[in-house]
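Participant: What follows is a structure written as structure tokens; I'll ask about it next.
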Amino acid sequence: FIQDATTPQDTAEVFERTGLAQMAYVHQPGTAWPTLREMIDSDQRLLVLMENEGGGARFPYLHQGFDLVQDTGYTYATVADYDCAANRGPADADLFMINHWLSSFTALVSSAQRSNTAAVLGDRVRACRDERGQIPNFVAVNWYDQGDLLKVVDELNGL
């Protein structure tokens, strides 16, 4: 997800200059999503989601993210406040993202250490999966290297 504060044109210029545009997957509405292995094998292993404005027909690899993704809220003061309520995107969107961080900017690392444990994150991911009827495709956290994010994601993927 790109928190786009620039135009699709400016974003596309960077992607094209760096060679990333050639690696970007273009999803055709109504078609099944490929597996990560299929994306890697086709060398289109990058899914680009724009938060505010997609690239349209001119830059089809800059997907309007919240046309394709449903997510949870992202402003939580305490671990006890986490929920699975719908935030952005249509309820029937194919992709599901859990936003999982505390909103305090004065204690980011210590907040991540409390939030990203197998107990807190794992329980929330399982609860959201069950409540929303969909396995999360994205688990967005602050400080991925603090806590048990990779363990929780491995469990989601049956590893």
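Participant: Can you pull the three principal axis extents for the Cα set of the chain, in Å, largest first?
Facilitator: Between the extreme Cα coordinates on each principal axis of the chain lie 44, 34, 27 Å.
Participant: Taking all protein chains in place and a 1.4 Å probe, what share, in percent, of the accessible surface of the range 19-62 do carbon and sulfur account for? Before the final figure, lay out each step's value.
Facilitator: Values: 1460 of 2680 Å².
Looking at the range 19-62 in its full context, I get 54 percent from C and S.
Participant: Here's something else I'd like to know. Can you give me the accessible area per residue for the chain, using a 1.4 Å probe, in Å²? Mind showing how you got there, number by number?
Facilitator: Details: 9000 Å² over 159 residues.
Per residue, the chain has an accessible area of 57 Å².
Participant: So how far apart, in nm, are the two label points at GLN9 and ASN52 if each is 7 Å from Cα heading toward Cβ?
Facilitator: If labels sit at GLN9 and ASN52, their model points lie 1.6 nm apart.
Participant: Antiparallel DSSP bridges in the chain: what percent, to the nearest 5? It would help to have the intermediate numbers written out before the result.
Facilitator: Details: 1 of 14 bridges.
In the chain, approximately 5 percent of DSSP beta bridges are antiparallel ones.
Participant: If the only charges are +1 at each Lys and Arg Cβ and -1 at each Asp and Glu Cβ, what is the size of the charge dipole of the chain around the Cα centre, to the nearest 20 debye? Could you put the intermediate results ahead of the total?
Facilitator: Working: 11 positive and 22 negative charges, 42 e Å.
Result for the chain is approximately 200 debye, rounded to the nearest 20.
Participant: So if I take the centroid of the Cα atoms in the range 72-148 and the same for the range 4-22, what is the distance between those two points in Å?
Facilitator: Cα centroid of the range 72-148 versus Cα centroid of the range 4-22: 29 Å apart.
Participant: Still on this structure, please answer the following. Using +1 at the Cβ of each Lys and Arg and -1 at the Cβ of each Asp and Glu in the chain, identify which of ALA77, GLY89, LEU62 lies farthest towards the dipole's positive end.
Facilitator: Result: ALA77, furthest along the dipole toward the positive end.
Participant: Ignoring everything except DSSP H segments at least 4 long, calculate the 222 nm mean residue ellipticity for the chain; use -39,500 (n - 2.57) per segment, divide by total residues, nearest 500.
Facilitator: On the way: 6 runs with 52 residues, N = 159.
Computed mean residue ellipticity for the chain: -9000 deg cm²/dmol.
Participant: Which shape class applies to the range 34-111: rounded if a/c is under 1.5, otherwise prolate when a/b exceeds b/c and oblate if not, where a ≥ b ≥ c are the square roots of the Cα gyration tensor eigenvalues?
Facilitator: Since a/c reaches 1.5 and a/b is larger than b/c, the shape of the range 34-111 is classed as prolate.
The values are calculated or read from the model by the stated rules, or taken from the named source; none is laboratory data. This one's a predicted model, so the numbers in the text were calculated from it and none came from an experiment. Cβ coordinates were reconstructed from backbone atoms using ideal geometry, including for glycine residues, and neighbour counts include every protein chain displayed. These area figures cover heavy atoms from the full protein model, side chains too; ligands, DNA and RNA do not enter into them. Shrake-Rupley method; radii C 1.70, N 1.55, O 1.52, S 1.80 Å.
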